[in-house]
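A.B. asks: Starting off with a structure, shown below.
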Amino acid sequence: MDKTRYSIRQIHISRGNKNWYGCAHSSVDGKIKFVSLMTTEKSVAQEWLRNKQAEEMLPEAIRKSYKDVDIISAENDFSAYLSTKNKLTYETYLSKIRQIWLFLKEENVGTLRQITPTVLTKFLASRYAGSTRTVQERWKLLRRWCIWSCERYEMESFHPYAKFKIIRHDQYVERGFWTMEEVGRILENAVSPHHKLFLGFMAYAGLRFSESLNMKWDDLDLKSKTFSLIGKMGKFATLPISDKLMELISSVYNDTCTGNIFSTPFPQRDDTLLAWFKISIVRAKLMTDGGHHKLRHSFCSNLLRAGVNIRVVQKLMRHSTASITLSIYSHVLDSDISTAVNIL
């Protein structure tokens, strides 16, 4: 049976690091695991040590209700768990939850049980929470992380999120989109042919930013004019290549093309690609009030405006239900309303 002994020490004083570390000494292999206590105060470190020693004296049933895990270990273990998912899901989830972890580090939250309702209240009011829609996604991921940690580390009564209820974002709020003429102007002002194709996958196929960036030449079947991808939540789909998208593909394709379509030297950083996108929008003489995802919004909205069957649009957008398609992406122009009443 592994009997863990605890101690505290400062291990990097010569480098100017005065933080205290908790040390967990394993009786099985003799290894020592160091945990940053994120404090330079010895009294705080001693309090941590007393709590750990007190926990060891409690019966197993009671100990679970006091069990705690350092944040860094919980982050690393959850990252390893996410890495077992497909690459797109892993990268998407990790990019969102990193903002939560950065906030916890800034607040000197060193263990999971230090994630209290008070800390979560501060998170929701911080810049790390993001926009109204983004905070919902991060909140759901935070809950998932807490639930996973509770099961993974056998921590009873660890539900800091239980008393919170995030108001669902109103999906019926009208969102902006670009007409097909405006989308065409943006693409014509792309920085390079590859950049134009990158935007084209979102504008003419409804791909998400990361889906477009991760496209490979092997995903394309140019003879049947289709392409395949693994999208959000690991969903596999085969989609048609439109004539406009085929024209963009043909402009950069040759027999030597292999691997990722948008490999280096094509930019891989989100901020660089966003800067390029803003340049294209400005050159097209449009308002820079949207990111790459607005191209996906526009793709769906223009299909609906053109009278395409909602079920077909749902399949192209890869939504689980048609109601999602209608509630999130159905926008109309004033001219559409006028045209509609004159149909009768």
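A.B. asks: Which far-off residues, 5 or more places away or on another chain, put their amide H under 5 Å from the one on Ile241, with H placed in the peptide plane?
C.D. replies: Thr226, Phe227
A.B. asks: Turning to a different aspect of this structure: Using only alpha-carbon positions, what ratio does the radius of gyration of the stretch 71-152 give when scaled by 2.2 N^0.38 Å? Working shown, then result.
C.D. replies: Values: Rg = 12.2 Å, N = 82, 2.2 N^0.38 = 11.7 Å.
For the stretch 71-152, the normalised Cα radius of gyration comes out at 1.04.
A.B. asks: Another one. Comparing Asn51, Asn302, Asn260, which has the greatest mean-square fluctuation in the GNM of the chain with Cα pairs linked when under 10 Å apart?
C.D. replies: Comparing Asn51, Asn302, Asn260 in a Gaussian network model of the chain, the most mobile one is Asn51.
A.B. asks: Taking H placed 1.01 Å from N in the peptide plane, check which residues at least 5 places from Trp178 or on another chain put their amide H under 5 Å from its amide H.
C.D. replies: Ser298
A.B. asks: Can you work out the Karplus-derived ³J(HN,Hα) for every residue in the stretch 272-278? Use 6.51 cos²θ - 1.76 cosθ + 1.60 with θ = phi - 60°, whole Hz, and x for glycine or proline.
C.D. replies: 5, 5, 5, 5, 4, 5, 4
A.B. asks: Using only the alpha carbons, work out the radius of gyration and Dmax of the stretch 166-286 in angstrom.
C.D. replies: Radius of gyration, then largest Cα-Cα span, for the stretch 166-286: 15.3, 52 Å.
A.B. asks: For Thr111, enumerate residues with amide H under 5 Å from its amide H, sequence gap 5+ or separate chain, H modeled in the peptide plane.
C.D. replies: Close amide H contacts, sequence-distant or interchain: Ile71.
A.B. asks: Can you tell me how much longer the chain between Lys18 and Asp255 gets when fully stretched, taken as 0.36 nm per residue apart minus their C-alpha distance, in nm with one decimal?
C.D. replies: Numbers: separation 237, 0.36 × 237 = 85.32 nm, distance 5.86 nm.
Here the answer is 79.5 nm.
A.B. asks: In nm, what is the difference between 0.36 nm times the number of residues separating Ser7 and Lys105 and their Cα-Cα distance?
C.D. replies: Numbers: separation 98, 0.36 × 98 = 35.28 nm, distance 2.25 nm.
Between Ser7 and Lys105, full extension yields 33.0 nm more.
A.B. asks: How large is the convex hull of the C-alpha atoms of the chain per residue, in Å³? Let's see the in-between values first.
C.D. replies: Numbers: hull volume 70.7 nm³, N = 344.
Cα convex hull per residue, to the nearest whole number: 206 Å³.
A.B. asks: Once phi is turned into ³J(HN,Hα) by the Karplus curve 6.51 cos²θ - 1.76 cosθ + 1.60 with θ = phi - 60°, what whole-Hz value does each residue of the stretch 148-155 show in order, with x for glycine and proline?
C.D. replies: Values, residue by residue: 4, 5, 4, 6, 5, 9, 6, 9 Hz.
A.B. asks: Under the Karplus relation 6.51 cos²θ - 1.76 cosθ + 1.60, θ = phi - 60°, what is the ordered set of whole-Hz ³J(HN,Hα) values for the stretch 232-240, x standing for Gly and Pro?
C.D. replies: With the stated coefficients, the stretch 232-240 comes to 4, 6, x, 7, 8, 8, 10, 10, x Hz.
A.B. asks: What percent does the relative contact order of the stretch 180-341 come to when contacts are Cα pairs within less than 8 Å and at least six residues apart? Walk me through the numbers before you get to the answer.
C.D. replies: Details: 179 pairs, mean separation 45.4, N = 162.
It comes to 28 percent, rounded to a whole number.
A.B. asks: Moving on. Rounded to the nearest 500 deg cm²/dmol, what is the calculated helix-only ellipticity per residue at 222 nm for the chain, with -39500 (n - 2.57) per DSSP H run of length n ≥ 4? Write down the numbers at each step before the final one.
C.D. replies: Numbers: 15 runs with 171 residues, N = 344.
Calculated from helices alone, the mean residue ellipticity at 222 nm is -15000 deg cm²/dmol.
Where a number appears in this text, it was derived from the coordinates with a stated rule and is not lab data. It should be emphasised that the depicted structure is a prediction, and the values quoted were computed from it without experimental measurement.
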